[in-house]
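Below is one structure; the comments refer to it alone.
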Ligand SMILES: [Zn+2]
């Protein structure tokens with residue numbers, strides 16, 4: 001999404017050279033990297049499959065992802081659905097990958113056959129790190145599920161570019177004894193009460209912080225409402241005892257909600273005491289189906305208002321509820337806005353959210369980029385390209401409205417992309 005003006009082009013060129021912090025991603029190194037054997041398999045990844053399914057492609061997706069099936073055989077099946085959905089922002093990513101990595105302007109069978117022998121290698125260490133480095137990514141905040149026992153003991157180290165977050169839902173969405181045991185075994189402990197469990201989790205968080213973990217991340221919004229009610233300890237304890245006293249018992253949902261809510265609030269106190277910022281999934285969810293209403297950041301207000309000493313980084317522009325998000329960031333000193341993922345869910349919405357934020361929310365509270373993708377460097381950098389476009393678009397818009405000048409626009413872009421997250425997450429880089 002571009003303005004066809006010199007002002008936009010000038011701004012966009014300068015933004016290209018600004019280093020960025022990738023505020024949210026799901027990989028660490030090439031360990032789980034994919035291998036591409038066939039062009040359609042390599043392009044029908046990331047978030048695009050959700051729109052592909054939405055356009056009626058669910059039944060053919062598995063066939064199209066099969067690396068062994070020939071491209072020519074797949075093409076008529078693929079083309080039919082592609083033509084129905086090629087103008088969404090998710091579809092823009094494979095289009096841009098075709099262009100930037102293979103020099104092809106159009107999605108055609110001929111283009112796909114030409115790139116067959118040139119497919120990039122996401123598992124290749126040099127390709128992986130060079131691609132991120134060339135794009136200007138200095139650091140990534142990663143939400144991954146690694147062996148925390150090994151991590152805490154120093155037997156597992158992340159690539160230098162990556163900073164870990166506590167994957168929080170696993171600690172509070174416990175439904176049975178096995179889930180409790182999975183957590184407590186990180187410290188080789190056995191717990192017999194709710195208090196002991198909370199203490200064990202706090203110790204794990206503290207040890208993770210000692211090893212370089214910089215925050216907590218919670219995506220409970222996929223499976224439950226993000227309204228975490230204040231809950232009497234007694235209510236939580238009854239549920240906890242049910243599963244800890246009898247390992248055969250299982251809690252259902254919403255039966256387990258009071259325990260989940262109670263633990264979440266306990267962990268916010270850990271976040272405060274350990275000075276760990278908390279990233280919260282709000283708004284749109286990956287995949288298809290699901291219930292958007294339960295993810296609206298406005299539901300999270302009681303937590304924000306109670307835990308005033310915890311810093312919250314609210315994700316995904318709360319899409320499609322931008323007004324609520326702007327309100328929260330404006331009124332709550334402990335709320336920042338994170339544009340991870342949303343820039344390429346909806347660039348029009350994101351540019352307008354950014355423009356509007358400039359006149360409503362202190363600009364130090366915006367984190368401008370998060371690739372929020374898997375182990376595919378070509379997708380990561382294309383997500384960054386779109387995010388840079390969105391920032392340039394919003395700032396051009398505000399210059400044209402005579403709200404800021406060009407020099408101020410560049411200062412804002414540096415803060416959004418680098419300085420704000422650097423300071424918020426205490427990453428320790430010199431500001432730019
Ligand atoms: Zn994510």
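Values in this text are rule-based calculations from the coordinates and carry no lab data. Since the model is a prediction, treat every value here as computed from it, not as a measurement. No Cβ is skipped: glycine too gets one built from the backbone with ideal geometry, and neighbour counts run over all protein chains shown.
Within the listed set 134, 213, 396, the Gaussian network model of the chain (springs between alpha-carbon atoms below 10 Å) gives the highest mean-square fluctuation for 134. Peptide packing for 2-12, 258-268 was compared via the average number of neighbouring C-beta atoms within 10 Å per residue; ordered from the highest value, the list is 258-268, 2-12.
Given a Förster distance of 30 Å, report the FRET efficiency between residue 411 and residue 207 from their Cβ-Cβ distance, rounded to the nearest 0.05. The formula returns an efficiency of 0.20 here.
Ordering of 109-122, 269-282, 341-354 by packing is 341-354, 269-282, 109-122, highest average first (other Cβ atoms within 10 Å, averaged per residue). Among 381, 198, 77, which one moves the most in a GNM of the chain with springs linking Cα atoms closer than 10 Å? For the chain, modelled as a Gaussian network with Cα springs under 10 Å, the answer is 77.
Per the Debye formula on identical point scatterers at the alpha carbon atoms of the range 36-118, with no solvent, log10 I(q)/I(0) at q = 0.12, 0.14, 0.15, 0.17 Å⁻¹ is -0.28, -0.39, -0.45, -0.59. Each peptide in 178-191, 416-429 receives the mean, over its residues, of other Cβ atoms within 10 Å, and ordering these scores from highest gives 416-429, 178-191.
Return the tail of the calculated pair distribution for the range 280-374, meaning the percent of Cα-Cα pairs more than 22 Å apart.
21 percent
For the chain, the longest principal axis of the C-alpha atoms and the axis of helix 194-210 are separated by about 40°. Applying the Kirkwood pairwise sum to the alpha-carbon positions of the chain produces a hydrodynamic radius of 22.9 angstrom. Between the C-alpha center of the range 1-48 and that of the range 208-225 there is a gap of 24 Å.
The long axis of helix 6-16 is offset from the longest Cα principal axis of the chain by roughly 50 degrees.
Spin-label pair residue 73-residue 195: with each label point 7 Å from Cα along the Cα-Cβ axis, the two points sit 6.5 nm from one another. Just checking the listed ones, 40, 226, 399: in the Gaussian network model of the chain with Cα springs under 10 Å, the one fluctuating most is 399. Extending 7 Å from the Cα toward the beta-carbon at both residue 223 and residue 404 defines two label points whose distance is 4.0 nm. What do you get for the angle between helix 322-331 and the principal long axis of the chain? Use alpha-carbon atoms, 0 to 90 degrees, nearest ten. It works out to around 60 degrees. Site pair residue 308 and residue 156 shows an inter-label distance of 3.9 nm when each label is modelled 7 Å from Cα along Cα→Cβ. The range 147-181 and the range 74-91 have their alpha-carbon centroids 38 Å apart. Using 0.36 nm per residue and subtracting the Cα-Cα separation, the extra length available between residue 423 and residue 61 on full extension is 126.1 nm. For the pair the range 310-357 / the range 255-304, the C-alpha centres are spaced 16 Å from each other. Considering only DSSP beta bridges whose two residues both sit in the chain, what percent are antiparallel, to the nearest 5? Counting DSSP beta bridges with both partners in the chain, the antiparallel share is about 5 percent.
Placing a label point 7 Å from the Cα of residue 292 along the Cα-to-Cβ line, the residues of the range 315-352 whose backbone N sits under 11 Å from it are 319-322. Extension gain, residue 16 to residue 233: 0.36 nm times the residue separation minus the Cα-Cα distance gives 73.0 nm.
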